[in-house]
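A quick write-up on the structure given underneath.
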Amino acid sequence: MGPFTNLTLDIDTASKKIDKLQLTLNDSIQALLNRIVATYEIGQVQPFLILLSSNNANNFFSRLNYLKVAQQHDKQLIYLTQQAKNDYANQKEIFETKKKRAEILKASLDRYTAQLAQEKANKQAFLVITQNDKNRYQLLLDEAKRELAALAGSQ
């Protein structure tokens, strides 16, 4: 697996976790709203209805306290879920930034590799040309030496 595959998987994992946390957040908010409504309704009950719906006043206040504690728990859960969602969103953004940077660096590397290959091909062509010139100049030098030797021998 290359770095792009790993980053893509990390981004996908973070996205899935964000989606799951959003569903949890939605459920928690709905539960909190339901408890707020229930607390309000219990708080608005007339004394006669308190006696009908509860065994005694202590039971009524226990239910009311339970709903208030549950509300606090829901609020805390919503806060923590939102924090986790924000953390994963930040992490996803970091992964996406890394992936974009890696893609830019890879594109630069590809350009440099192509440029290097072109320069290598140009140097190879130049070597072939200069090798042929060397051979030709060596032949001309050998011929000039023979002529010089022939002139020196004729004198």
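The values are calculated or read from the model by the stated rules, or taken from the named source; none is laboratory data. This structure is a prediction, so every number in the text was calculated from the model and none was measured. Positions of Cβ are backbone-derived with ideal geometry, glycine not excepted, and every protein chain shown enters the neighbour counts. We work out accessible area using only protein heavy atoms, side chains counted, and drop any ligands, DNA or RNA first. Shrake-Rupley method; radii C 1.70, N 1.55, O 1.52, S 1.80 Å.
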Would you check if residue 70 is in contact with a Lys or Arg (Cβ under 8 Å, 6 or more places away or on another chain), surrounded by 14 or more Cβ atoms within 10 Å (Cβ to Cβ) and either at pLDDT 80 or above or part of a helix (DSSP H, G or I) (or both)?
-> yes
Check off (1) at pLDDT below 85; (2) open to solvent by 90 Å² or more (accessible area, probe 1.4 Å); (3) among the hydroxyl-bearing types (Ser, Thr, Tyr) for residue 53 and give me the number that stays unchecked.
-> (2)
Out of all the residues in the stretch 101-115, is one or more acidic (Asp, Glu) and closer than 30 Å to residue 20 by Cα?
-> yes
May I ask you to list the residues in the stretch 83-111 that are among the hydroxyl-bearing types (Ser, Thr, Tyr), surrounded by 11 or more Cβ atoms within 10 Å (Cβ to Cβ) and out of contact with any helix residue (DSSP H, G or I) (no Cβ under 7 Å at 6 or more places or on another chain)?
-> 97
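Could you check, for the stretch 123-136, whether at least one of its residues is assigned to a helix (DSSP H, G or I) and touching a residue at least 60 places away in the same chain (Cβ under 8 Å)?
Within the stretch 123-136, none of the residues are assigned to a helix (DSSP H, G or I) and touching a residue at least 60 places away in the same chain (Cβ under 8 Å).
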